[in-house]
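> Shown below is the structure under consideration.
The values are calculated or read from the model by the stated rules, or taken from the named source; none is laboratory data. Since we're looking at a predicted model, the values are computed, not measured. Here Cβ is always computed from backbone atoms with ideal geometry, including for glycine, and neighbour counts include all displayed protein chains. These accessible areas exclude ligands, DNA and RNA; they are computed on the full protein's heavy atoms, side chains included. Shrake-Rupley method; radii C 1.70, N 1.55, O 1.52, S 1.80 Å.
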Amino acid sequence: MADLMAVVLLLAITAYTCAGGTDYGAGFWDLTAGGAERGKRPRWLIDHAMAPVWEVNNVWLIFVFVIMWTGFPTLFQAVFSAMWLPLALAAVGLVLRGAGFAFRKVARRLAERRLYGAVFACASLVTPFFLGAAVGGVASGRVKIGTEASADAWSNPTSIMFGLLAVAATAFLGAVFLTGDARRFDAPDLVAYFRRRGLLSFAVLVVLVVITLFVASEDAPHVWHGLTHGVGLAFGIAGALASFATVWLLVRRPGGLARASAVGAVACAVLAWGLAQRPYLLPESLTVAEGAGASTTLAWLAVVTLVALVIVVPAVAFLYWLDTRGELQELTDADLRQGGEPQGGSAGTT
């Protein structure tokens, strides 16, 4: 049962990395879009693409916390004690990011929109970095039961590279999804705009992956061994193939297949890391069996998780399906005046 819940925990982390990562990536491109006039159209697309789904993606993060807290309390205590600072900063970033995105949409004055937009965009950059740095601290084996909070736990070479990888991966996902959204909104200039950024972020991602592997070989030997052998290597190769397929699709015909392959690439990378740590939750100090809670608790957690998945997954999948079909666009001023149907591709929301 402990192994089963460990797999569920890894799948929940993977789901949040892909779904939340796409939103963080959109925020990254919002940050780099330029001034108010130059960045007007990219930000218009980002607002339209993110608005229907940005809140629901946090459901996967809640799954992660619930499973860690209930199923693996020793892991939860060790991680949150040793790295409370980067995780607290990530939590602050989550709150500010949501507030900035929401308030920017209703702000009337340009100065207010700039302020809230800057908060949203900067938080979209720092939040995945600190989450990635925390994962790097775990992967490097610096977090053990009883480890005191210190900068070394999350500011070491592996943590920094994992943080940068998280930012680059979210930028890649965001660019691929926004390219598809630009095609859906019939905006060919934005298709080319975000396609270039997708290719650029892929190149940066490849460089960071190579550097991270060199760093991990010295700084995180257990994870390095897992990534270069067995099932971890298999998922790593699958992720690489999916990445190159995404680039090919991005150039040929950006759309649903490119999105699926991009998600597959990032998902394979996260699964490769998780499986490379086997059989440890905290490399070489806490195994899955040692960190698991009581068997009765795990059994009930499995039941509750199954019920939650039956309720949540179809609803979230239906929401994503409606969003990709353009069925969730907001009403424009013209729609409200005319009392007609939403004009999905028109600019200027209420």
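> For Ala36, work out the one condition from (1) in a helix (DSSP H, G or I); (2) at pLDDT below 85; (3) of a type in the set (A, V, I, L, M, F, W, C) it doesn't fulfil.
(1)
> (1) more than 28 Å from Ala302 (Cβ to Cβ); (2) buried (at least 16 other Cβ atoms within 10 Å of the Cβ); (3) within 16 Å of the chain's Cα centre (by Cα): which one isn't true of Val95, the others all being true?
(2)
> Here is a follow-up. Looking at (1) within 22 Å of Ala267 (Cβ to Cβ); (2) over 18 Å from the mean Cα position of the chain (by Cα); (3) aliphatic (A, V, I, L, M), can you tell me which one Ala36 breaks?
(1)
> Residue check: is Ala149 modelled with pLDDT under 90 and closer than 18 Å to Leu61 by Cα?
Against the criterion (modelled with pLDDT under 90 and closer than 18 Å to Leu61 by Cα), Ala149 does not qualify.
> Checking Gly93 against (1) without any contact (Cβ under 8 Å) to a residue 12 or more places away in the chain; (2) in contact with a helix residue (DSSP H, G or I) (Cβ under 6 Å, 6 or more places away or on another chain); (3) farther than 22 Å from Leu11 by Cα, which single condition isn't satisfied?
Of everything listed in (1) without any contact (Cβ under 8 Å) to a residue 12 or more places away in the chain; (2) in contact with a helix residue (DSSP H, G or I) (Cβ under 6 Å, 6 or more places away or on another chain); (3) farther than 22 Å from Leu11 by Cα, Gly93 misses just condition (1).
> Only one of (1) more than 30 Å from Leu4 (Cα to Cα); (2) modelled with pLDDT of 85 or more fails for Met50. Which number is that?
All conditions are met except number (2).
> I'm told Asp3 meets every condition in (1) within 21 Å of Asp189 (Cα to Cα); (2) in contact with a helix residue (DSSP H, G or I) (Cβ under 8 Å, 6 or more places away or on another chain); (3) open to solvent by 10 Å² or more (accessible area, probe 1.4 Å); (4) assigned to a helix (DSSP H, G or I) except one. Can you identify the failing condition by its number?
(1)
> Inspect all residues belonging to the range 182-198 and state whether any of them is open to solvent by less than 10 Å² (accessible area, probe 1.4 Å) and either among the polar types (S, T, N, Q) or outside any helix (DSSP H, G or I) (or both).
Yes.
> I would also like to ask the following. In the list Arg142, Arg108, which residue meets the criterion of being open to solvent by 50 Å² or more (accessible area, probe 1.4 Å), of a type outside the set (Val, Ile, Thr) and without any contact (Cβ under 8 Å) to a residue 40 or more places away in the chain?
On the way: Arg142 fails: without any contact (Cβ under 8 Å) to a residue 40 or more places away in the chain.
The unique qualifying residue is Arg108.
> Residues that are at pLDDT 85 or above, crowded, with 16+ Cβ neighbours inside 10 Å and in contact with a strand residue (DSSP E or B) (Cβ under 9 Å, 6 or more places away or on another chain): find the helices (runs of 4 or more DSSP H) completely inside the range 237-350 holding 1 or more of those.
288-291
> Right, here's the next one. Does Phe185 satisfy the condition of being modelled with pLDDT of 90 or more and farther than 23 Å from Trp154 by Cβ? Let's see the steps before the verdict.
On the way: modelled with pLDDT of 90 or more: no; farther than 23 Å from Trp154 by Cβ: yes.
Here the answer is no, as Phe185 does not meet what is asked.
> Pull up the range 18-33, narrow it to residues that are assigned to a helix (DSSP H, G or I) and open to solvent by 30 Å² or more (accessible area, probe 1.4 Å), then point me to the one that is farthest from Leu164 (Cα to Cα).
Leu31
> Are any residues in the range 34-55 open to solvent by 40 Å² or more (accessible area, probe 1.4 Å) and among the aliphatic types (A, V, I, L, M), and if so, which ones?
Ala36
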